[in-house]
Amino acid sequence: MTFFKPHILMAALIATAAALPATAQTADCGGVGANGQWVGGSETASDIATASNYQEQMALVLAGNQYVSLFSVSAATEVRVEAAGRGGGDPQIDLYDSTGSIVVSDDDSGGDGAARAEVMLNPGTYCLAMKSFDGAPMTGFVRIGRAEQEALTAGLDTSATDGGDEGGMSGDTPVCTADTITMGLGVGAIDAELAQGVVGNGSVDDSPYWRFTIDSPQAVSILAENVEADPLITLYDSTGTYVADNDDSDGLNSRIDMSTPLAAGTYCIAVQALSNTALPITITVKTYDPAEALQGMYNRAEAAPPMDGSVPITDLGVIATRQRVDAQISDKAKWYKIDVEEGGLLVIEAISSGDSADPYLALFDDLGRSVANNDDYGDGLNALVTAKVTAGSYLLALKDVNSGGNGFVRMLIERYVPAK
């Protein structure tokens with residue numbers, strides 16, 4: 001391992017920052033886009049509603065960091081956001097509105113590891129954050145455009161058709177029509193059963209499509225669970241129109257949270273298994289619970305919990321020079337609070353003890369804004385984050401990326417200060 005003297009390290013950071021292109025100063029999406037780049041080169045040229053063509057950027061993502069593209073829409077517009085990696089890169093995207101709330105996230109819906117999402121956006125400013133799924137350095141392309149403009153990625157096969165030889169879809173039959181062969185969740189409308197959850201179980205080979213009906217608008221959560229199968233789910237309405245999709249929301253399991261109520265009608269869940277199509281997958285449709293959804297984000301280290309005692313947080317106090325923490329971790333994040341008394345550089349490592357874990361680190365400021373995160377660095381499974389910080393309190397999440405993981409990790413937190 002190579003060590004740097006504090007003044008050399010800080011000088012390198014300052015030089016790097018000076019070499020970066022000018023960033024947007026008028027929109028930060030709750031802090032996410034503080035160092036973002038307007039996708040069209042300027043704020044005016046980045047209005048996707050009026051742009052004559054899609055807007056695209058080549059992005060360099062450093063280890064454990066993300067690249068943020070800023071854009072706006074001046075009128076309600078159906079927008080397609082995409083990211084494709086070069087040389088086997090696996091991008092993941094999160095689209096934020098001007099308040100910093102996530103509008104949509106995706107990993108593999110572009111096909112071949114690319115990310116893609118289509119969403120109707122109201123007028124406003126948005127931030128598209130691209131990062132590497134495994135936290136490794138990556139070069140890729142980001143493209144933002146309207147639905148009728150040329151796509152960057154091929155997308156997944158969402159035609160919901162089959163050759164007809166195995167009792168599944170046939171011809172060009174769209175999803176969720178009366179003639180579609182699907183497994184039904186519940187008998188008739190399931191409104192009254194949503195509080196307890198309506199459950200189905202079957203393999204993708206046997207049950208690639210699941211149908212459910214609601215008689216009144218309902219906010220629902222849809223879960224697909226079996227980490228060995230690695231499910232991916234896509235939700236369609238009764239006309240076969242895409243509604244939402246997810247892959248790997250909870251470890252390798254998938255989850256769609258429809259916080260905005262679905263209109264009354266019949267819906268279809270298309271299920272894919274990225275690992276083994278013969279393994280059973282448990283499909284659950286239940287009432288959307290905001291508290292549960294938020295707790296899930298805390299468990300996955302996607303958002304920082306409040307420091308009000310509602311979520312256990314270990315206070316590590318002031319980080320003077322270096323501090324070591326030993327922990328047994330699972331796929332649910334452990335949270336730590338650290339205090340920094342003056343600006344400088346934080347270097348945090350999570351090292352598996354005896355290769356028993358695959359640690360992931362995420363650092364947030366006291367307002368819950370993401371500062372840095374990382375899964376793997378170098379050639380191993382250990383995690384490393386470095387962040388230039390100001391004086392204040394920070395929340396640090398430590399978890400195992402493996403579902404059901406229960407390994408031991410040694411975490412080292414070091415603080416460097418600028419030379420006087």
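The values are calculated or read from the model by the stated rules, or taken from the named source; none is laboratory data. Just so you know, these numbers come straight off a predicted model, no measurement behind them. Please note: Cβ atoms are built from the backbone with ideal geometry, for glycine as well, and neighbour counts cover all protein chains shown.
Things worth noting here:
- Unique residue being outside the structural domain of G135 (by TED's automatic domain parsing), modelled with pLDDT under 90 and closer than 18 Å to N65 by Cα when the list is N382, N406, N402: N382
- Being over 30 Å from V187 (Cβ atoms) and of a type outside the set (F, W, Y) is a description that applies to K334.
- Test result for R116, in contact (Cβ under 8 Å) with a residue 24 or more places away in the chain, over 29 Å from D376 (Cα atoms), crowded, with 22+ Cβ neighbours inside 10 Å and out of contact with any helix residue (DSSP H, G or I) (no Cβ under 7 Å at 6 or more places or on another chain): no
- Each residue in segment 17-39 was checked for being in a loop (DSSP other than H, G, I, E, B) and at pLDDT below 90, and 14 of them qualify.
- V187 in a strand (DSSP E or B), at pLDDT below 85 and either over 26 Å from N276 (Cβ atoms) or under 27 Å from the mean Cα position of the chain (by Cα) (or both): yes
- One residue stands out in segment 395-420 among those that are of a type in the set (K, R) and out of contact with any Gly (no Cβ under 7 Å at 6 or more places or on another chain): the one that is surrounded by the fewest Cβ atoms within 10 Å (Cβ to Cβ), namely K420.
- Of the candidates A154, A117, the single residue that is small (G, A, S), at negative phi, in a loop (DSSP other than H, G, I, E, B) and not assigned by TED's automatic domain parsing to the domain that holds T386 is A154.
- Selection within segment 120-151 - on the phi > 0 side of the Ramachandran plot and not in a loop (DSSP other than H, G, I, E, B): G124
- Residues that are assigned to a loop (DSSP other than H, G, I, E, B) and not aliphatic (A, V, I, L, M) were ranked within segment 48-70; the one that is nearest to C29 (Cα to Cα) is N65.
- Among the residues of segment 197-230, the ones that are within 24 Å of the chain's Cα centre (by Cα), in a strand (DSSP E or B) and over 13 Å from A263 (Cβ atoms) come to 5 in all.
- For beta carbons closer than 7 Å, sequence separation of 6+ or different chains, a first residue in segment 295-320 that is more than 21 Å from V340 (Cβ to Cβ) and among the aromatic types (F, W, Y) and a second that is at pLDDT 90 or above and surrounded by 11 or more Cβ atoms within 10 Å (Cβ to Cβ), the qualifying pairs are Y298/P305; Y298/V311; Y298/A333.
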